Amino acid sequence: QVQLVESGGGLVQFGGSLRLSCVGSGIIFSIHDMAWYRQAPGQQRELVASITTNGRIAYADSVKGRFTISRDDAKNKVYLQMASLKPEDTAVYYCYALAEYEYWGQGIQVTVSS
């Protein structure tokens with residue numbers, strides 16, 4: 001059974017930082033493109049950052065220069081370092097893996113207070 005489990009979310013003040021982690025089990029991370037998505041209340045789920053199996057990285061314009069995605073395939077983990085957080089970053093953040101099939105984590109809340 002494949003599981004992606006996020007951790008590291010919580011409440012942070014405007015301008016603060018958080019580091020999200022996602023650990024996978026039941027899959028081989030190294031053959032999966034990985035990504036972080038987020039969904040704010042009343043909004044559609046949106047792609048925040050992605051990292052391919054060969055390390056190609058992309059970011060949503062809204063987080064460029066503030067968020068950093070990385071992966072450690074040996075540990076089956078992907079990370080999202082978030083800095084200079086804004087209230088509009090408040091959302092549930094989801095870990096995502098894609099190879100032949102796609103997998104989602106259960107999501108973790110990030111709340112940025114103004």
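Observations on the structure shown:
- In straight-distance terms, cross-link reach from Lys86 covers every one of the lysines whose alpha-carbon lies under 27 Å from its own, apart from those fewer than eight places away in the same chain; here that gives Lys64, Lys77.
- Distant alpha-carbon pairs in the chain (separation over 18 angstrom), percent: 44
- In the stretch 6-70, the convex hull through the Cα atoms has an average projected area of 5.4 nm², a quarter of its surface area.
- Normalised by residue number, the volume inside the convex hull of the Cα atoms of the stretch 47-111 is 97 Å³ per residue.
- Going by accessible surface with a 1.4 Å probe and the largest first, Thr68, Thr111 read Thr68, Thr111.
- Rolling a 1.4 Å probe over the protein chains gives Glu88 an accessible area of about 120 Å².
- Coupling constants for the stretch 81-93 follow from the phi torsions by the Karplus curve (6.51 cos²θ - 1.76 cosθ + 1.60, θ = phi - 60°), and in residue order they are 8, 10, 10, 6, 5, 10, x, 6, 7, 4, 4, 8, 9 Hz; glycine and proline get x.
- Estimated inter-spin distance, Leu11 and Ser114, nm [label 7 Å along Cα→Cβ]: 1.7
The values are calculated or read from the model by the stated rules, or taken from the named source; none is laboratory data. Note that the structure is a prediction, hence the values are computed from the model and not measured. Don't worry about glycine lacking a Cβ; one is built from the backbone with ideal geometry, like all the others, and counts go over all protein chains shown. Heavy atoms of the whole protein, side chains included, go into the accessibility calculation; ligands, DNA and RNA do not. Shrake-Rupley method; radii C 1.70, N 1.55, O 1.52, S 1.80 Å.
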